[in-house]
1. State all residues of segment 170-197 that are part of a helix (DSSP H, G or I) and among the hydroxyl-bearing types (Ser, Thr, Tyr); if no residue qualifies, say none.
2. May I ask you to list the residues in segment 27-65 that are acidic (Asp, Glu) and touching a Phe, Trp or Tyr at 6+ places or on another chain (Cβ under 8 Å)?
3. Tally the residues that are touching an Asp or Glu at 6+ places or on another chain (Cβ under 9 Å) and acidic (Asp, Glu), restricting the search to segment 237-251.
4. Kindly establish whether Ala87 is crowded, with 23+ Cβ neighbours inside 10 Å and within 21 Å of the chain's Cα centre (by Cα).
5. Just for segment 15-38: of the residues that are touching a residue at least 60 places away in the same chain (Cβ under 8 Å) and touching a strand residue (DSSP E or B) at 6+ places or on another chain (Cβ under 6 Å), which one is surrounded by the most Cβ atoms within 10 Å (Cβ to Cβ)?
6. Taking the conditions exactly as written (more than 30 Å from Gly192 (Cβ to Cβ), at pLDDT 95 or above and either basic (Lys, Arg) or more than 22 Å from the chain's Cα centre (by Cα) (or both)), does Asn52 satisfy them or not?
7. Any idea which of Ser17, Ser93 is closer than 30 Å to Pro128 by Cβ and at pLDDT below 95?
8. Surrounded by fewer than 17 Cβ atoms within 10 Å (Cβ to Cβ), without any contact (Cβ under 8 Å) to a residue 60 or more places away in the chain and of a type in the set (Val, Ile, Thr), is that true of Thr61?
Amino acid sequence: MDKSILITGGAGFVGSSLSLKLKESYPQYRVCAFDNLRRRGSELNLDRLKTNGVEFIHGDTRNPEDFGSLPRIDLIIDASAEPSVMAGISGASDYAINSNLVGTINCLNFATRNSSDLIFLSTSRVYPIEKIEQINFVEDETRFSITPDQTIPGISINGISESFPLDGYRSIYGATKLCSELLIEEYNNFYGLRTVANRFGVVTGPWQMGRVDQGVVVYWLAKHFWGGPLSYVGYGGAGKQIRDILHINDLFRLIDFQIHNIDKVNNQVFNVGGGTKTTVSLLELTLLCSKITGNKIPVGSIPETRPADIRIYATDNAKVSKATGWEPTIGIERILDDIYEWIVDHHTKLENILE
């Protein structure tokens with residue numbers, strides 16, 4: 001059966017990747033990428049979208065009138081966001097709030113008018129900073145590691161699950177995403193929308209325009225390719241803080257399942273990430289980037305921890321795996337190899353953006 005799918009943030013990294021993979025997998029579908037092109041580098045995706053049959057619509061989720069010209073839509077993937085944790089912390093929070101919360105409200109209202117399903121791309125940053133910083137850990141030679149002896153619910157050696165506490169501050173970015181999740185549940189129950197929310201951790205892969213505050217894996221590898229500077233910031237400046245990494249192709253496999261099995265995941269919230277098998281510290285990431293690029297660059301050390309940073313995050317995928325059968329399959333070295341090949345193939349276009 002043919003579908004009409006709208007991806008907000010459709011020229012961004014995640015949005016464009018999903019748009020292209022959907023069109024490749026289901027050429028009979030109408031796939032529309034909706035984006036305001038605010039993020040530097042997103043313009044590079046326009047030719048890729050057009051060439052592969054994805055319709056681009058220049059619009060802004062913050063503006064409800066921009067939804068007026070959209071075609072009939074069966075399903076919305078809300079991938080539009082100001083994704084930086086630092087956004088709004090030092091002031092100027094308006095864009096983060098309007099983009100991440102008001103934008104979702106406009107998507108929900110459009111979905112209600114059109115009886116569209118909605119898949120929401122949320123974030124692991126909905127979990128409060130103070131609680132994450134209370135996770136028991138051990139300091140190893142190259143990383144911090146979660147220990148088995150935990151006193152907070154929802155945390156184990158398998159990572160953070162959906163039962164982790166939500167009380168506490170989390171950043172403007174995380175707060176807007178959590179508010180969006182709450183409103184999505186209301187629309188699901190009172191307006192009959194079929195919805196699902198996915199709390200993603202670090203997602204990466206080719207065509208991510210990485211920055212130090214968002215897209216750090218691409219940013220780190222690009223600095224090794226073109227030359228520094230880089231610094232380990234916080235927690236003593238040793239680079240031992242860890243995250244789990246999810247390849248965009250693994251993300252797509254889950255979204256593909258949810259699109260076509262929405263009743264099985266309706267009104268659910270899932271933690272989604274690479275899991276403990278793909279955790280990597282900044283120090284370990286430096287060693288891997290040096291190995292892949294053949295370049296060894298100096299990395300500075302800034303002991304002071306930045307506001308809103310966290311020592312450890314790893315995703316417990318048990319709930320989503322049980323509900324869908326999905327598990328991540330792509331390891332950290334393969335992830336870095338894919339990004340490196342992309343940088344090499346497109347280094348002329350990318351140099352002024354990633355350098």
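The values are calculated or read from the model by the stated rules, or taken from the named source; none is laboratory data. Just so it is clear, the model here is predicted, and its values are computed rather than measured. Note that each Cβ is placed from the backbone with ideal geometry, even for glycine, and that neighbours are counted across all protein chains shown.
1. Tyr173, Thr176, Ser180, Tyr187, Tyr191
2. Asp35
3. 1
4. Yes: the conditions hold for Ala87.
5. If we take residues in segment 15-38 being touching a residue at least 60 places away in the same chain (Cβ under 8 Å) and touching a strand residue (DSSP E or B) at 6+ places or on another chain (Cβ under 6 Å), then Leu18 is surrounded by the most Cβ atoms within 10 Å (Cβ to Cβ).
6. Against the criterion (more than 30 Å from Gly192 (Cβ to Cβ), at pLDDT 95 or above and either basic (Lys, Arg) or more than 22 Å from the chain's Cα centre (by Cα) (or both)), Asn52 qualifies.
7. Result: Ser93 is the single residue among Ser17, Ser93 that is closer than 30 Å to Pro128 by Cβ and at pLDDT below 95.
8. no
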